[in-house]
Amino acid sequence: MSAEEIEKKVREFLTDEMLKEQAAVAASSDPLDFDSLEQTEIRVYLEEAFGTDVKNLKEPFGSIGQIVDFVRGNAA
Amino acid sequence: MIIDRARIEDLWGKASTSGHVPLEAFPESFRVCLTQGDGLADHYAGRTPFLFADQRNNRILVLEKLAPGREPSVRVFDAINCTGGYGTGILGSQVSALEHDLVEALHHCATANDEFHTIERYELVTQIRRLIGAHTGTSPETWEISFTSTGTEAMDLAMQLVMLDGFDLGTGRNSRQERDVLIACHGAWHGWGLNPNQLLDRRQFTEGLPRLGQHRVVFMRYGDEASLREVFELHRGRIRGVFVEGILGDGGVVRGSESWWKALFELASTEDAKIVDDEILTGFRCGRLLAIPEQLTPDCVALGKAMGLGLFPLSAVLWRKDRLHLRPGIGVRTFNARPFQARVVSAGLALIEEQKLFERARVVGERVMAKLQDLARSYPAVFKGARGMGFFFGLELDGRYARKGHSVRNMFLRHGVLTEIESGLLGRQVPKQARINETIRLTPPLGIAESDLDEVIERMSRAAAVLASESPEP
């Protein structure tokens, strides 16, 4: 899956499922504020939607770009 | 006390006009408490900026330090207490009517654990058995009872009763070993302990904590008959127990229909699975003892929160003598309804019966519900709907507030109503159409004046108008 396709799906998840309105308009490097519960939701989503191996995650996600990069680098 | 009574009286005067007080007007210790909090660890990933200084007639004296950048001052206002703290305050400020019993208890009750019998505990046990017998259509003698402190402990004991069902301590054999499936509901909350944690389906709450080795927990959608039948069909012959709330509480104040409950009891009976009815949140406040329909008899009932009248933790586990058995040696707790607690709670339950507060909650609750539904219809940008039972109300949020329960709760408080937040059912474990947004919960005291309830609605309407016209706080 290309980076663009991953980003499109991640944005849809953040806006439609997590109701993060700003995710629809934010640039991929814009900082987004996710609390610890939201971080867990994102990890669960990445596992289910992309089969991402989240065990390698070192830092909490802070932007859409970070999420996309992590998915691309951590296929299960 | 870090602030004297005269100053508190002064603040009540300010609260009537929602006044401001310069921060330096307070004594130093009180300033520290206001600005840095009361010192408790933050279990909430962010505690609120409010300090509750006093309560009278179900109104709390609230102080809020204004945001940095302004002149350091404190806003003082009153809020009608519609929670009692996680739904515990069924009597609200009416607990002062128990003053005589409280003083008597302090002077005369033995400080003793439940290895020894006491008159006070006998009276409380008799009351509760009578009430549960009346609700379930059984004899009071049907029921065994034990007390715990918190609801989490009560659910832990209920789980142990079910998981040990069939286990013979003498031989070490388990005659129901093949029963390895426990059923729980998506979005349910049964407490914050390692055992009850097994019954939660949200990984935000379970990730990083160990899972049960010998049992598997499967989830169904609360109130959904198709989901109920599917889960029973899929695990037929293996189902040991079903854990279900009287009303799905944290999942968004969702009621099960009479037909859903009937089907659940029929399926569990055929399967010989034990039903644990978790009424920790709903007991005593839905216009009757339990939220589940009358004349249904679960194998086990957990009662809590409200039993302590908002004053102290007290919960109870009741189970049918012919269906479940206490393992010798378990259930021992240092604080199992201390005589002091039993005396005060007995007096509280007697007050509820004398003043027919369950009946009142049914009648007045219907009127309040109609008004909350009007409120929800008036502000569709804020609310999706209102639902509940007796004096247990939920206002589901919508639109841009769907996941902004904290900012809505704070807005309600700033307009003078203390409410709470239910998480809803937002995860991907249920299909989109079955999801429930965050929900504001109101659990006013059973004896609160109707004029106060009218004021609650007025204040919430004003808050909703503001919410409808602005964006939520981040």
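Could you compute how much accessible area chains A and B hide from each other, both sides summed, with a 1.4 Å probe? Nearest 100 Å² is fine.
Details: alone 4750 and 21280 Å², together 24790 Å².
Protein heavy atoms only, the A-B interface buries about 1200 Å².
The charge dipole of the protein assembly as shown, taken about its Cα centre with unit charges on the Cβ atoms of Lys, Arg (+1), Asp and Glu (-1) only, comes to about 360 debye. Note on the range B:96-354: along the principal axes its Cα atoms extend 57, 43, 39 Å, ordered by decreasing extent.
Reducing the range B:43-87 and the range B:213-247 to their Cα centroids gives an inter-centroid distance of 41 Å. Taking amide hydrogens as placed 1.01 Å from N in the peptide plane, the amide H of B:Glu245 sits under 5 Å from those of B:Asp278, each at least 5 positions away in sequence or on another chain.
Each helix, a run of at least 4 DSSP H residues, gives -39500 (n - 2.57); summed and divided by the residues of chain B, these come to -10500 deg cm²/dmol at 222 nm. Reachable lysines from B:Lys65, Cα under 26 Å, same-chain residues fewer than 8 places away excluded? Qualifying lysines at Cα under 26 Å: B:Lys14, B:Lys404. Given their separation in residues at 0.36 nm each and the Cα-Cα distance between them, B:Glu230 and B:Glu366 gain 45.6 nm when the chain is fully extended.
Count, for each residue of B:423-432, the Cβ atoms from other chains sitting within 10 Å of its Cβ, then give me the mean as a whole number. Intermediate results must be reported in sequence, preceding the final value.
On the way: counts 1, 0, 0, 4, 4, 7, 2, 0, 0, 2.
If you average over the peptide's residues, the count of other-chain Cβ atoms is 2.
Note on B:Thr48/B:Val21: beta-carbon distance plugged into 1/(1 + (r/R0)^6) with R0 of 25 Å gives a FRET efficiency of 0.85.
Per-residue 3J(HN,Hα) values for the range B:206-217, derived from phi via the Karplus relation 6.51 cos²θ - 1.76 cosθ + 1.60 with θ = phi - 60°, read 10, 4, x, 10, x, 9, 4, x, 8, 10, 10, 9 Hz in sequence order (x marks Gly and Pro).
Helix B:225-234 and the long axis of chain B differ in direction by around 40°, with both axes built from C-alpha atoms. Charging the Cβ of each Asp and Glu at -1 and of each Lys and Arg at +1, and nothing else, the dipole of the range B:112-238 about its Cα centre rounds to 420 debye.
For the range B:180-219, the Cα-based Rg and Dmax, in that order, read 9.2, 25 Å.
Here chain B exposes an accessible surface that is 51 percent carbon and sulfur, computed with a 1.4 Å probe and the other protein chains kept in place. Taking all protein chains into account, the per residue accessible area for chain B stands at 44 Å² (1.4 Å probe).
Modelled spin-label separation between A:Gln39 and B:Ser269, with each label point placed 7 Å from Cα along the Cα-to-Cβ direction: 5.0 nm.
Mind checking B:402-410 for the average number of partner chain beta-carbons within 10 Å of each residue's beta-carbon? Let's see the in-between values first.
Details: counts 1, 4, 1, 0, 0, 0, 0, 0, 0.
Per residue, the number of nearby Cβ atoms from other chains is 1 on average.
Straight Cα distances below 13 angstrom link B:Lys384 to the aspartates and glutamates B:Asp374, B:Glu396, B:Asp398, B:Glu438, with same-chain residues fewer than 8 positions distant left out. Neighbours of B:Ala464, meaning other residues whose beta-carbon lies under 14 angstrom from its beta-carbon, give a summed charge of +4 when Lys and Arg score +1 and Asp and Glu score -1. Length gained on full extension, B:Ser29 to B:Glu141, computed as 0.36 nm times the residue gap minus the Cα-Cα distance: 34.9 nm. Report the normalised scattering of the protein assembly as shown as log10 I(q)/I(0) at q = 0.07, 0.11 Å⁻¹, calculated by the Debye formula with identical scatterers on the alpha carbons. So the normalised log intensities work out to -0.45, -1.11.
Per-residue Karplus couplings for the range B:376-385, computed as 6.51 cos²θ - 1.76 cosθ + 1.60 with θ equal to phi - 60°, are listed in order as 4, 5, 6, 10, x, 6, 10, 10, 8, x Hz, Gly and Pro entered as x. The distance linking the range B:115-186 with the range B:400-474 is 35 Å (Cα centroid to Cα centroid, whole angstrom).
Place the peptides A:67-75, B:148-156, B:449-457 in order of packing, highest mean first, counting for every residue the other Cβ atoms within 10 Å and averaging per peptide.
With the highest mean Cβ count within 10 Å placed first, the list reads B:148-156, A:67-75, B:449-457.
Relative to one another, the C-alpha centroids of the range A:4-76 and the range B:316-351 are positioned 48 Å apart. Place a point 7 Å from Cα of B:Gln295 in the direction of its Cβ. Which residues in the range B:125-142 have their backbone N less than 11 Å from it? Within reach of a label on B:Gln295: B:137. When the residues A:Lys9, A:Lys58 are ordered by accessible surface, computed with a 1.4 Å probe over the protein chains alone, the sequence from largest down reads A:Lys58, A:Lys9.
The alpha carbons of chain A give a radius of gyration and a Dmax of 11.1, 30 Å, in that order. Distance between the pseudo-spin-label points of A:Met1 and A:Ser29 (7 Å out from Cα toward the beta carbon): 2.4 nm.
Using the Cα coordinates of the range B:197-345, the gyration tensor eigenvalues translate into equivalent-ellipsoid semi-axes of 26, 19, 17 Å, sorted from longest to shortest. Considering only B:Val217, B:Leu290, B:Gln127, the residue lying farthest towards the positive end of the dipole of the range B:96-354 is B:Val217, judged by Cα position with unit charges set on Cβ.
The C-alpha atoms of chain B define a longest principal axis, and helix B:99-108 lies at about 60 degrees to it. Computed from backbone phi, the HN-Hα couplings of the range B:134-141 come to 5, 5, 8, x, 10, 6, x, 6 Hz, rounded to whole numbers (Karplus: 6.51 cos²θ - 1.76 cosθ + 1.60, θ = phi - 60°; Gly and Pro given as x). Relative to the longest principal axis of the Cα atoms of chain B, the long axis of helix B:450-469 lies at roughly 80 degrees.
Placing one equal scatterer on every Cα of the range B:296-447 and applying the Debye formula, the log10 ratio I(q)/I(0) at q = 0.11, 0.12, 0.15 Å⁻¹ is -0.63, -0.73, -1.00. About the centre of its Cα atoms, chain B shows a dipole size close to 1020 debye [charges on the beta carbon of Lys, Arg (+1) and Asp, Glu (-1) only; nearest 20 debye]. Residues whose amide H lies under 5 Å from that of B:Asp54, counting only those 5 or more places away or on a different chain, are B:Leu61; hydrogens are built 1.01 Å from N in the peptide plane.
Placing a label point 7 Å from the Cα of B:Glu104 along the Cα-to-Cβ direction, the residues of the range B:116-147 whose backbone N falls under 17 Å from that point are B:118-127. Global dimensions of chain B from alpha-carbon coordinates: Rg and Dmax equal 23.0, 73 Å. Between the listed residues B:Pro27, B:Gly405, B:Gly310, the Cα displaced farthest toward the positive end of the dipole of chain B, a dipole computed from Cβ unit charges relative to the Cα centre, is found at B:Gly405.
Based on the mean of other beta carbon atoms within 10 Å per residue, what is the order of A:31-43, B:12-24, B:83-95, most packed first? Display every interim value, and only then the final one.
Values: A:31-43: 15.5, B:12-24: 13.7, B:83-95: 22.8.
Descending packing order for the listed peptides: B:83-95, A:31-43, B:12-24.
For the pair B:Ser451 and B:Glu258, label points projected 7 Å from Cα toward Cβ lie 3.8 nm apart.
Here r is the Cβ-Cβ distance between B:Glu359 and A:Glu21 and R0 is 35 Å; the resulting FRET efficiency, rounded to 0.05, is 0.15.
The values are calculated or read from the model by the stated rules, or taken from the named source; none is laboratory data. None of the values given here were measured: they were computed from a predicted structure. When we count neighbours, we look across all protein chains shown, and the Cβ atoms used for this are built from the backbone with ideal geometry, even at glycine. Quick note on the areas: whole protein, heavy atoms, side chains included, nothing else; ligands and nucleic acids left out. Shrake-Rupley method; radii C 1.70, N 1.55, O 1.52, S 1.80 Å.
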